[in-house]
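Contents: one structure, followed by commentary.
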Amino acid sequence: MRSNSSKGLSTANTQPSHNHTHYHATSKRSLTPLSNKTRRQFDPNMLPNPREYYARVLKKFHPRGKQATALCPFHSDRNPSFSVNLIHGMFFCFSCGASGGNVLKFHMRLRGIVSAKAITELGAWNYE
Ligand SMILES: [Zn+2]
């Protein structure tokens, strides 16, 4: 069910506003070679589960309910001042102010890459 498909590929796609927790547990990373005719669309539903993703990439990851704290990867953090939402993937650092609305934004920032590449790395393209 993809009722609210994100139209267009604008990088300004913030967080998915839907509430249902629907995740693809096994991240099926499409290895389909890109041809010029392949149409692809960013599908927020295909982003990794925030809980699994953040647990994998963050240090001193401590989940607490829907939130988790961890060391901030965007500054030299000694006390966990990084807070993430495990449902929607929003993140915020109380120390350096780094923030974003979802796993995609985090991944872009962490890796210093543009959204298209981040979407590829996260396997969130929906190929038509
Ligand atoms: Zn920080």
Next item on the list: Tabulate in residue order the Karplus-calculated ³J(HN,Hα) for the stretch 68-82, using 6.51 cos²θ - 1.76 cosθ + 1.60 with θ = phi - 60°, rounded to whole Hz; enter x for Gly and Pro.
Entry: 8, 10, 6, 6, 6, x, 9, 8, 6, 9, 9, 10, x, 10, 9
Check: A98's amide H: which non-local residues (gap 5+, or another chain) put their own amide H closer than 5 Å, with H modeled 1.01 Å from N in plane and none for Pro or chain starts?
Finding: C93
Notebook entry, point to check: Which whole-Hz ³J(HN,Hα) couplings does the stretch 85-98 yield from phi under the Karplus relation 6.51 cos²θ - 1.76 cosθ + 1.60, θ = phi - 60°, glycine and proline marked x?
Noted result: 8, 7, 8, 9, x, 4, 9, 7, 10, 6, 8, 9, x, 4
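Every number in this text was worked out from the coordinates using simple rules, so none of it is lab data. Not measured: the values here are computed from a predicted model.
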